[in-house]
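Written out below as structure tokens is the structure these notes cover.
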């Protein structure tokens, strides 16, 4: 656990009890903003390169948090970028020097945060590295570039801090919850940080300052490699791919059992993104089971028993492919193949039409935490928790990447839109991953879990669930997060 | 096309007209068995290493074809192999020296045919190479080892012929159709051959002799690399993976449309493995469409239109991953992961129980070539044909690997058992591939093709189908194959 222990010359840290030890964490909040100038010492200008959801959220949060400090935040875009108008609408303008060409902005910044799309990062990182000022820090928000450099035999340039601050949620959530933080201090999206190269000797505090300025309720330490593996594997599993596969399989299951399309949607997708999500967010994983009546609990237990094994098998496969670099090679191959034809969309299947109707009639209805659906979903979440724990990830990373990011960022978004919409509109790396692995989960549920759920529950597996150390870790993480009502418009 | 033109000092060759040129082929038959001693000149002993379905079929066929020539065929097994009893039951015994330890058999053979499982070949090829006599020829029946050596940086030993004869069908079919060849001369499974290293200067004739002795109706030339790519991609697509995904998706489709389980099975799986397969085998691809009435043809056309695009997209993805080596890395990772736990089976889903009942009531019933099912299946087959053609494969390889192997070997087997049984019981490389890609096809049909099939047919796409050059290539190949009634008991 020594990699998860760290010190700061600027911020007051805490020790969080987790199974088997403790992790150093930095609880966030607006009361820390006064410490930001010390954390950012030597940084006069931050360049945020890229204006996707994450770029927009981070540029806005950083600017707002650093207002009055004299540190400016500027946005760099590719020549002719279609995002310039939106950046201007958010107050970044060529006139005051806070909007410009990506290489020019890079050349003027003391901290360059790279938030362009993965494929663009893969194609253009050398150009950006070449434009850096001597000693400027390189900032990342996930480990994709490390994976890419490893797969292609490249590396980071010497003489620069290389740090990462990785919000465990979508860009939209990073902005929305930050804004809620104005009234509920500490609201935000948790983040991990990593120091991959510490040229300045101040990289830890620079990363912590960046995270506090984004509004992270708490910040924990990881490595860029650990972040990369859990991030890419997680989005292929419980964060996106598995949810996609699960709702597709469940919708068909309930339709065949006699549900009309709207009821089938409510029993599958709506149950997960609504009540099951809300219960986990508020009260943890075991609460989902405890809130059920006797027969419901029996159904939950049999579904949990049936789904845990095939989910775990798949998540181990995903993890191996990510760790080996195979998954990223597939992404690179797909980008090449798709250079001159669009990716087909998956949002045309009948269940998504039912989703529109279900959302339209939501007012006054209370969807139920369907026990069969709940058992499958929670089993898949626990399979990811166990696989990540077996692979040696820190507990903060496990609970954030497997539970908190799901219930506090992605599922609320899916509740507002739907899962297929999210797949079709997320980052290309995530989109390709969800299309690649979602169907694998669907098939595993349909072909292995559903038939097995007719059998009895496995008492040992259920005991391992109810007594699992993850509940302690999740509770410790929850204490650091103020209660906010998450909704997406 | 120059790689597909070759000469032989032993066998009478033919030129087969294919789109855009011609290919040299060797039509087979028992009347050529008298030429085998000349083809095998210098070979006194053939070692067949491994006793899976392919090992059993090839050892038996070679022994029977070479009876009376003085060339012996011996089977080599790993110490303690569970296959020894079956080999003895087929007439290979320790007493007469035709059954023994794999390394001992290797050390005595002039031609060593490696038919052990892929994972065993990956793990033990160096040991076997080390046991070879000077100048002994190495024989393979697919390109897996080349892919493995390339992925891991290894190579074949110098000083040996390296040849491949690759029957385009399962081992059981290779034996069964060979036996039918006793009454219908030329019945058998087509094969490709490749000469990867020609140390002796006689490698082409050695390979041709091997193929004739297996009973190949005709033998065409390829390269080990081309064989590897089309073989591994083909089994992930129309030969196995796509069929698995297609029948799973169609079964659910027909069930939701109101079919009871047996009717849904007949409209999906039974239609493909029965009448659609038989029509293609007897009369080619366009006959499937031509035999439909007007409304049926309209349904076929819309299904074809809807499925071609997503199938092509997936097959291009598969091909890229196979050619890049990514797919084989995944197999290696899976073998490692599964070393200490069994792979879950996919044969438990409800449709396979319906399959048992459908097979039981087959007598006296004539399944129909359901037009919707037919359109989807033929579109997927054509997508593979087009992708392989775009990637530069010879036409013989395209039609054998995309059409003939399907309709004359694998689908009859699936008709006798079922698709899931076949997935759960085929080679591990194929099994892993089908589990990996079958669900992708299922999702593509369900989420993209089925909704799109409500729209109109694409006249241009249909015209490309009916006027496609593959029909000429398939007809040319069919002329070389005697008509036999294929059935599996």
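Quick notes
- Residue ID - farthest from residue A:320 (Cα to Cα), chosen from residues in the range A:388-420 that are within 14 Å of chain B (Cβ to nearest Cβ) and touching a residue at least 24 places away in the same chain (Cβ under 8 Å): A:418
- Verdict on residue A:287 being under 25 Å from the mean Cα position of the chain (by Cα) and in a helix (DSSP H, G or I): yes
- Beta carbons closer than 7 Å, at least 6 apart along the sequence or on distinct chains, pair a first residue in the range B:319-347 that is more than 9 Å from chain A (Cβ to nearest Cβ) with a second that is surrounded by fewer than 20 Cβ atoms within 10 Å (Cβ to Cβ) and assigned to a helix (DSSP H, G or I) for B:328/B:151.
- Some residue of the range A:430-451 being surrounded by fewer than 19 Cβ atoms within 10 Å (Cβ to Cβ), at pLDDT 90 or above and either within 14 Å of chain B (Cβ to nearest Cβ) or in contact with a strand residue (DSSP E or B) (Cβ under 7 Å, 6 or more places away or on another chain) (or both): yes
- Checking each residue in the range B:293-312 for being within 28 Å of the chain's Cα centre (by Cα) and surrounded by fewer than 20 Cβ atoms within 10 Å (Cβ to Cβ) picks out B:309, B:312.
- Selected residue (only one of B:356, B:386 is at pLDDT 95 or above and either out of contact with any helix residue (DSSP H, G or I) (no Cβ under 6 Å at 6 or more places or on another chain) or assigned to a loop (DSSP other than H, G, I, E, B) (or both)): B:386
- Residue that is farthest from residue A:349 (Cα to Cα), among those in the range A:252-278 that are within 13 Å of another protein chain (Cβ to nearest Cβ) and surrounded by 24 or more Cβ atoms within 10 Å (Cβ to Cβ): A:264
- Some residue of the range A:417-425 being more than 22 Å from residue A:232 (Cβ to Cβ) and out of contact with any strand residue (DSSP E or B) (no Cβ under 6 Å at 6 or more places or on another chain): yes
This table checks each residue for (1) modelled with pLDDT under 95; (2) closer than 28 Å to residue A:393 by Cβ; (3) within 25 Å of the chain's Cα centre (by Cα).
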| site | (1), (2), (3) |
| --- | --- |
| A:25 | no, yes, yes |
| A:63 | no, no, yes |
| A:66 | no, no, yes |
| A:77 | no, no, yes |
| A:89 | no, no, no |
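- Here residue A:66 does not fit the description of being assigned by TED's automatic domain parsing to the domain that holds residue A:163, touching a helix residue (DSSP H, G or I) at 6+ places or on another chain (Cβ under 7 Å) and under 19 Å from residue A:142 (Cα atoms).
- Residues in the range A:78-111 that are buried (at least 16 other Cβ atoms within 10 Å of the Cβ), out of contact with any helix residue (DSSP H, G or I) (no Cβ under 9 Å at 6 or more places or on another chain) and in a loop (DSSP other than H, G, I, E, B): A:109, A:110.
Results for (1) farther than 17 Å from residue A:311 by Cα; (2) assigned by TED's automatic domain parsing to the domain that holds residue A:382; (3) not in a helix (DSSP H, G or I), shown as yes or no for each residue.
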residue	(1), (2), (3)
A:440	no, yes, no
A:445	no, yes, no
A:448	no, yes, no
A:451	no, yes, no
A:461	no, yes, no
A:464	no, yes, no
A:468	yes, yes, yes
A:472	yes, yes, no
A:483	yes, no, yes
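- For the range B:361-377, the count of residues that are more than 22 Å from residue B:245 (Cβ to Cβ), assigned to a helix (DSSP H, G or I) and at pLDDT 85 or above is zero.
- Checking A:337, A:312, A:302, A:297 one by one, the residue that is assigned to a helix (DSSP H, G or I) and either outside the structural domain of residue A:271 (by TED's automatic domain parsing) or at pLDDT below 90 (or both) is A:337 and no other.
The values are calculated or read from the model by the stated rules, or taken from the named source; none is laboratory data. Owing to the predicted nature of the structure, the values given are computational and were not obtained by experimental measurement. Cβ: placed from backbone, ideal geometry, glycine included. Neighbour counts: every protein chain shown.
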